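Contents: one structure, followed by commentary.
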Amino acid sequence: MLEALGPTTRDMEAHERWRVAASAMCHALGWTTAQPIVLPHASGTLLAFAAPMGTLFTATEVNEWAWEQASGIFQPGFEPAIDPPFDRLHHLGANSSDVVATFKARATAEENAMLTALCAAAHEHGVPLYVDDESVSLGAGAHSQTWPLAALPEAPNVEWSALRAIPTVLVTGSNGKTTTVRLLAALIAASETRFEGHVGYSSTEGVVIGDARAGEGDFSGPAGARLVLRDQHVEAAVLETARGGILRRGLAVDKADVAIVTNVSADHFGEYGINSLDDLADVKLTVRYALGTVGTLVLNADDKVLLARASSQVCKVALFALDDSHPALVTHRKNGGDTCGLADEQLVLSRGDERFKLGNYRDMPLTLNGAAMFNVANIAAAALAALALRISPAVITEQLQCFGQSRLDNAGRLDHWKLADITVVIDYAHNPDGLKLLLDGMEVIRRDHAAVAGNNGRIGLLLGQAGNRSDQAIIALARVAAVARPALIVVKEIPRMLRGRAAGEVTALLKEALLAAAYPAEQIRVEADEIDAASQLLQWAKAGDVVVLPIHQATARKSLAAMLDAMEKSGWRAGAPLPVATLSPPSE
């Protein structure tokens with residue numbers, strides 16, 4: 001896929017010339033499934049075609065060459081009206097007799113005949129195959145084997161009977177992915193003895209195999225999935241499948257048993273031609289292609305964009321919503337579908353005519369006594385996925401009463417400390433919808449505290465954003481914060497997440513948007529360091545306050561968690577000095 005640039009980006013005649021050039025070259029190379037397509041979007045045009053696995057570098061050059069010829073950029077006398085000017089990527093001209101021969105030679109050099117043979121044999125035996133730049137795996141988890149790409153076995157020499165798939169779940173959506181992944185992994189681990197200590201999962205927080213961490217950082221793409229699926233201790237896999245990984249690398253797996261789409265909300269617009277909720281939903285719903293006709297797609301019926309697509313799926317669909325009497329859930333049950341939702345404060349799981357009460361949602365630790373309603377949705381999604389994996393409702397019920405009691409269960413997601421006289425919450429809320437849901441829940445906690453303590457209390461908020469969001473997205477985040485009217489907002493810089501912006505640019509946008517939304521200037525502070533910004537809020541807090549800390553860097557989150565643990569242990573009270581030793585993030 002190529003993002004077209006230059007003065008002919010939106011020239012339909014140039015697009016057609018590209019299509020002709022790309023088709024002719026692909027045909028000459030024997031790539032019969034190429035089918036070049038033009039994908040216009042709000043900020044440009046994408047030009048794409050399919051090529052055989054093992055020839056993608058050559059295919060990329062073919063695409064660049066075809067667009068250079070079609071756009072006419074390098075015709076004699078042409079002066080491109082752009083700055084900076086184009087660098088020519090190919091010396092090959094449209095009429096050069098060397099063009100086809102050159103690309104054929106490159107494709108031949110790139111193609112790995114042994115890999116092609118293994119792919120065909122794996123397909124014939126129904127065995128999963130995973131490939132990256134260094135290695136090839138057949139089978140999954142405990143039933144897999146991996147070889148270096150340069151030392152592949154011949155297909156007849158592979159012990160195919162020892163290789164097979166394992167139960168695999170994909171989890172995607174705009175918010176709630178990591179919580180859902182962790183909860184579902186716990187449900188699977190508790191369901192059978194063979195899974196205890198043998199469930200692997202990947203997420204934005206890393207890779208975990210059983211109780212051991214196998215990777216730190218954001219592993220929500222195909223690389224994280226392969227780490228899980230190649231680990232010989234793994235008997236079941238739950239894989240967070242983020243938008244960026246799908247758009248850059250596709251899905252890590254060809255087949256999965258269950259896929260969850262938690263929701264879609266405005267985030268990352270403008271990247272890779274994605275400019276609307278419909279576009280984003282189509283990206284997230286890519287996971288359905290791994291399900292075939294026998295897998296289960298779990299969708300949020302409270303999300304109108306996802307619900308509109310529910311009836312068009314060829315796989316089995318399960319629906320969840322906060323209200324068990326949601327019309328879509330009622331209709332789905334009448335048609336024999338699985339659902340999950342709240343009825344009289346009970347979370348009810350339905351399978352055909354069977355109804356299973358999973359418990360009062362307020363008794364589930366993930367909901368913070370009912371304040372975090374967004375986690376009710378994540379719980380419902382995980383419960384439906386567990387049901388699709390044939391996990392008994394009794395096991396699901398038991399686990400929902402205990403998962404989240406320890407902060408280690410869901411670190412960095414709604415972590416909360418009840419210090420002597422204030423409440424502190426660390427979360428990952430990173431887009432307007434996520435922040436709104438978080439602040440709504442914190443307002444419930446503030447009111448509950450006020451009713452008990454006899455004072456009104458206040459909310460203090462840490463506000464920041466990564467630099468790869470558009471100006472509009474950053475402004476929208478600030479507007480959500482302004483509407484909630486916390487008593488203090490500390491705007492933070494995230495130095496390691498500037499992502500192309502100048503230092504101070506994001507914080508300036510946030511502050512300007514807060515002021516434009518009539519938020520008082522005297523209640524805004526700006527801090528260049530994430531931990532120092534959080535510390536300002538903790539020093540500001542008084543008895544009865546709720547301090548809300550959306551933290552986006554793992555090192556900062558770990559340091560703050562250690563500091564809060566020390567404060568909790570020492571009986572720290574509002575107004576007392578903060579611990580000093582843990583204020584700086586550990587080196588990476």
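Output the qualifying pairs, or none if there are none: Cβ atoms under 6 angstrom, residues six or more apart or on different chains, first residue in segment 130-150 and acidic (Asp, Glu), second residue at pLDDT below 95.
Partner pairs satisfying both residue conditions: Glu134/Leu149.
Scan segment 402-413 and report the pairs whose first residue is in contact (Cβ under 8 Å) with a residue 24 or more places away in the chain and whose second residue is assigned to a loop (DSSP other than H, G, I, E, B) and open to solvent by 50 Å² or more (accessible area, probe 1.4 Å), with Cβ atoms within less than 8 Å and a gap of 6+ or a chain change.
Pairs found: Gly412/Tyr428; Arg413/Tyr428.
Quick one: which strands (runs of 3 or more DSSP E) sit completely within segment 138-208 and have at least 2 residues that are surrounded by fewer than 24 Cβ atoms within 10 Å (Cβ to Cβ)? If you could, list the steps in order and put the result at the bottom.
Working: elements: 143-148, 168-172, 199-203.
The qualifying strands (runs of 3 or more DSSP E) are 143-148.
Ile494 - would you say it is open to solvent by less than 40 Å² (accessible area, probe 1.4 Å) and closer than 25 Å to Arg243 by Cβ? Break it down stepwise before answering.
Working: open to solvent by less than 40 Å² (accessible area, probe 1.4 Å): yes; closer than 25 Å to Arg243 by Cβ: yes.
Yes.
Go through segment 473-499 and give me each residue that's of a type in the set (A, V, I, L, M), more than 15 Å from Gln523 (Cα to Cα) and not in a helix (DSSP H, G or I).
Of everything in segment 473-499, those that are of a type in the set (A, V, I, L, M), more than 15 Å from Gln523 (Cα to Cα) and not in a helix (DSSP H, G or I) turn out to be Ile494, Leu498.
Of a type in the set (A, V, I, L, M, F, W, C) and within 20 Å of Ala377 (Cβ to Cβ): is that true of Leu322 in this structure?
The answer is yes for Leu322.
Only one residue in Ser570, Ser559 is open to solvent by 70 Å² or more (accessible area, probe 1.4 Å), hydroxyl-bearing (Ser, Thr, Tyr) and farther than 20 Å from Leu435 by Cβ. Which one?
Working: Ser559 fails: open to solvent by 70 Å² or more (accessible area, probe 1.4 Å).
After ruling out the rest, the residue left standing is Ser570.
With the condition kept exactly as written, say whether any residue in segment 400-413 is in contact with a His (Cβ under 7 Å, 6 or more places away or on another chain) and closer than 17 Å to Val547 by Cβ. Steps first, please.
Just the residues of segment 400-413 that are in contact with a His (Cβ under 7 Å, 6 or more places away or on another chain), to begin with: none.
Checked segment 400-413: no residue is in contact with a His (Cβ under 7 Å, 6 or more places away or on another chain) and closer than 17 Å to Val547 by Cβ.
Mind checking which residues of segment 287-327 are polar (S, T, N, Q), at pLDDT below 95 and within 22 Å of the chain's Cα centre (by Cα)?
Gln313
Given the conditions (1) in a loop (DSSP other than H, G, I, E, B); (2) surrounded by fewer than 18 Cβ atoms within 10 Å (Cβ to Cβ); (3) modelled with pLDDT of 95 or more, which single one is not true for Val330?
The failed condition is (1).
Out of the residues in segment 520-555 that are without any contact (Cβ under 8 Å) to a residue 40 or more places away in the chain and under 14 Å from Ala481 (Cα atoms), state the one that is least open to solvent (accessible area, probe 1.4 Å).
Ile524
Name the single residue that is farthest from Ala105 (Cα to Cα) among those in segment 4-39 being among the basic types (Lys, Arg) and under 34 Å from the mean Cα position of the chain (by Cα).
For segment 4-39, the residue satisfying everything is Arg10.
Look at segment 405-421 and say how many of its residues are open to solvent by 20 Å² or more (accessible area, probe 1.4 Å) and not polar (S, T, N, Q).
Counting residues in segment 405-421 that are open to solvent by 20 Å² or more (accessible area, probe 1.4 Å) and not polar (S, T, N, Q) gives 9.
So how many residues does segment 308-327 have that are open to solvent by less than 30 Å² (accessible area, probe 1.4 Å) and either in contact with a Cys (Cβ under 9 Å, 6 or more places away or on another chain) or within 16 Å of Ala388 (Cα to Cα) (or both)?
Total meeting the criteria: 7.
If a residue must be of a type in the set (Val, Ile, Thr) and assigned to a loop (DSSP other than H, G, I, E, B), how many such residues does segment 314-327 contain?
Matching residues across segment 314-327 total 1.
Taking into account only those residues within segment 354-369 that are touching a Gly at 6+ places or on another chain (Cβ under 9 Å) and in a loop (DSSP other than H, G, I, E, B), which is surrounded by the most Cβ atoms within 10 Å (Cβ to Cβ)?
Among residues in segment 354-369 that are touching a Gly at 6+ places or on another chain (Cβ under 9 Å) and in a loop (DSSP other than H, G, I, E, B), the one surrounded by the most Cβ atoms within 10 Å (Cβ to Cβ) is Met364.
Inside segment 36-75, can you point out the residues that are open to solvent by 30 Å² or more (accessible area, probe 1.4 Å), under 27 Å from Phe269 (Cα atoms) and either of a type in the set (Phe, Trp, Tyr) or in a loop (DSSP other than H, G, I, E, B) (or both)?
Ala42, Ser43, Phe49, Ala50
Tally the residues that are among the small types (Gly, Ala, Ser) and either open to solvent by 50 Å² or more (accessible area, probe 1.4 Å) or under 18 Å from Ala533 (Cβ atoms) (or both), restricting the search to segment 422-479.
Final tally of qualifying residues: 9.
Within 17 Å of Ala381 (Cα to Cα) and of a type in the set (Ser, Thr, Tyr) - does that describe any residue in segment 298-318?
no
Which residue, of Gly224, Gly273, Gly215, is crowded, with 22+ Cβ neighbours inside 10 Å and more than 29 Å from Thr339 (Cα to Cα)?
Every option except Gly224 fails the conditions.
The values are calculated or read from the model by the stated rules, or taken from the named source; none is laboratory data. Because the structure is predicted, anything quoted here is derived from the model rather than measured. Positions of Cβ are backbone-derived with ideal geometry, glycine not excepted, and every protein chain shown enters the neighbour counts. Areas reflect the complete protein model, heavy atoms only, side chains present, ligands, DNA and RNA absent. Shrake-Rupley method; radii C 1.70, N 1.55, O 1.52, S 1.80 Å.
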